[in-house]
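Colleague: Quick one: this structure, given as structure tokens, is what I'll be asking you about.
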Amino acid sequence: MCSLSIPGTVLCTTVTLLTLVVESPDSRSADSSRPAATNGASSGISITDSGTRRASATAVKTSSEQSPSKISLQDGEPTRAPGEVSTQHSRVYVKVGKTGLGHDHGVEGRLRSGVLHLGATQDAGEFVFDMSTFDADGNRARGFVGLDGSTDTSTRQQVNENMHGPDVLNIRRFPTATYTIKSAKLLDRNSRRGLPMYELNGEFSLHGTSRPLMIIVDVETKDGMCHVRGSFNMLQTQFGITPFSKAFGAVGVADKLTVYGDLWVGSESATASRGTSRQ
């Protein structure tokens, strides 16, 4: 099968433990799996804070169903090594909701590097995200996350300046985010599309803060690559980020983000299975 990696590192203290859990692709209904064009649908995720609070939301559609302009594998990039993420073709999309008189946004980002070993029970890989590549409100990003319309160049420039600046992502101080994957276990069921599903467990590090993160992905093998797709919700404040606002809070963005992974990984010759471990 394939290998894949996402950036991430977890910080566990005796005070607070936050676990993000993503709903499996096969639990998504045909109606709930696609974000509405303007209603800000969220991914199927539950959040456990200090082991006492748990909340769930509706699931989102997979990236292959969402993308209005799919990235072709016929772009001249050489075949990737087994488990190596194609940084040319892989993308991360983020849906950012609004508060007050603000606007919903779609963001597209790229990976600096990535490795994923599906079926591994330890050292399953790592994704490193290049935060400088995260670009707001391009047509592909807006369409992918279910938003109508387009955004003019000057507005996009202002949104990106705010997003990259010291008050939000602060990309000069934190140029990357990382998902370090401890295991990528094959589940005993397929997704609704008939694809094998894997449970990724690891640590996600963003903006100098790390949290445990579990994601369910499904995997499709095509053109000698593995297409790995999954999504999760997160709160900006849980990673030390204050959501952007102005005019005394009359205009701003929501704390909750929905993050979609749409990744292409070099296919492995051996079929990944439970019990596999990387030495």
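Colleague: Just rank Ile216, Ile181, fewest to most, by other beta-carbon atoms within 10 angstrom.
Modeller: Exposure proxy ranking, most exposed first: Ile216, Ile181.
Colleague: Turning to a different aspect of this structure: Can you tell me the length gained on complete extension of the stretch Thr221 to Gln157, counting 0.36 nm per residue apart and subtracting the Cα distance?
Modeller: Full extension from Thr221 to Gln157 adds 19.3 nm.
Colleague: How do Lys256, Lys222, Lys182, Lys98 rank when sorted from fewest to most other Cβ atoms within 10 Å of their own Cβ?
Modeller: Fewest to most other Cβ atoms nearby, the residues stand as Lys222, Lys98, Lys182, Lys256.
Colleague: Next question. By the scheme Lys and Arg +1, Asp and Glu -1, what is the net charge of all other residues having a beta-carbon under 10 Å from that of Val217?
Modeller: -1
Colleague: OK, next. To the nearest 20 debye, what is the magnitude of the charge dipole of the stretch 153-257 about its Cα centre, counting +1 on the Cβ of each Lys and Arg and -1 on the Cβ of each Asp and Glu?
Modeller: So the magnitude is around 60 debye.
Read-outs throughout are calculated quantities, based only on the coordinates presented, and are distinct from any laboratory measurement. None of the values given here were measured: they were computed from a predicted structure. When we count neighbours, we look across all protein chains shown, and the Cβ atoms used for this are built from the backbone with ideal geometry, even at glycine.
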